[in-house]
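Chemist: Sending over a structure as structure tokens; questions will come in a sec.
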Amino acid sequence: MAKSVHTDVLDAALAVVGASTSMVACTGEPANFAAANGALKLAAATMVAGDFTLADGDTSGRKLTVAAKSGVNVVADGTATHVALLDVAGSRLLYVTTCAAQPLASGGTVSFAAWDIEIADPA
């Protein structure tokens, strides 16, 4: 029996992530919102709806492209190893991914490159 999923289902899942209001550089993998928005936070960029773009996936399914952010203020010293997307008003940690380790110094700035979140069609 073949497997399939309607594009609307994948888009709905990605739309939840696309409602993020903050992208945070973290000094470790946050287990919850409090960690991502607190002790592990090195820098945070405000996100708006226009920072997210839905499209066909690179190989199948759908993807959400997260826009690049530059000149983001660093608020604490540490090495960024993870990036988290947060719903600040709802106190929700929506998505976490790894990034190349980058030492950051309080008072400086950091740039986030554009990146994708992809959900493949079922195999």
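The values are calculated or read from the model by the stated rules, or taken from the named source; none is laboratory data. Note that this is a predicted model, so its numbers are computed, not measured. Every residue, glycine as well, gets a Cβ built from its backbone with ideal geometry; the counts of neighbours run over all protein chains shown.
Chemist: Please state which one of Ser60, Ser111 is within 30 Å of Ala2 (Cβ to Cβ) and out of contact with any Cys (no Cβ under 6 Å at 6 or more places or on another chain).
Modeler: Ser60
Chemist: Looking at the range 23-41 only, could you name the residues that are over 10 Å from Val83 (Cα atoms) and either surrounded by 14 or more Cβ atoms within 10 Å (Cβ to Cβ) or basic (Lys, Arg) (or both)?
Modeler: Phe33, Ala35, Asn37, Leu40
Chemist: Please determine, by comparing only the residues of the range 60-72 that are surrounded by 13 or more Cβ atoms within 10 Å (Cβ to Cβ) and within 22 Å of Gly107 (Cβ to Cβ), which one is farthest from the chain's Cα centre (by Cα).
Modeler: Restricting to residues being surrounded by 13 or more Cβ atoms within 10 Å (Cβ to Cβ) and within 22 Å of Gly107 (Cβ to Cβ), the top hit is Val72.
Yes/no matrix, rows are residues, columns are (1) out of contact with any Gly (no Cβ under 6 Å at 6 or more places or on another chain); (2) under 12 Å from Ala44 (Cα atoms); (3) touching a residue at least 24 places away in the same chain (Cβ under 8 Å); (4) among the hydrophobic types (A, V, I, L, M, F, W, C):
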{"residue": "Ser70", "(1), (2), (3), (4)": "yes, yes, yes, no"}
{"residue": "Asn73", "(1), (2), (3), (4)": "yes, yes, yes, no"}
{"residue": "Ala105", "(1), (2), (3), (4)": "yes, no, yes, yes"}
{"residue": "Asp116", "(1), (2), (3), (4)": "yes, no, yes, no"}
{"residue": "Pro122", "(1), (2), (3), (4)": "yes, no, yes, no"}
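Chemist: Another question, then. Going through Gly90, Gly57, Gly78, Gly18 one at a time, which residue ends up being at pLDDT 95 or above, farther than 27 Å from Leu104 by Cα and either touching an Asp or Glu at 6+ places or on another chain (Cβ under 8 Å) or buried (at least 16 other Cβ atoms within 10 Å of the Cβ) (or both)? Show your work before the answer.
Modeler: Values: Gly90 fails: either touching an Asp or Glu at 6+ places or on another chain (Cβ under 8 Å) or buried (at least 16 other Cβ atoms within 10 Å of the Cβ) (or both); Gly78 fails: farther than 27 Å from Leu104 by Cα; Gly18 fails: farther than 27 Å from Leu104 by Cα.
The conditions single out Gly57.
Chemist: Let me ask another. Restricting attention to the range 93-123, report how many residues are surrounded by 13 or more Cβ atoms within 10 Å (Cβ to Cβ), of a type in the set (Ser, Thr, Tyr) and in a loop (DSSP other than H, G, I, E, B).
Modeler: Final tally of qualifying residues: 0.
Chemist: If you go through the range 28-40 one residue at a time, do you hit one that is within 13 Å of Ala114 (Cβ to Cβ) and among the acidic types (Asp, Glu)?
Modeler: Residues of the range 28-40 within 13 Å of Ala114 (Cβ to Cβ): none.
No: zero hits.
Chemist: I need the full set of residues from the range 14-49 which are within 14 Å of the chain's Cα centre (by Cα) and part of a helix (DSSP H, G or I), in order please.
Modeler: Matches in the range 14-49: Leu14, Ala15, Val16, Val17, Phe33, Ala36, Ala49.
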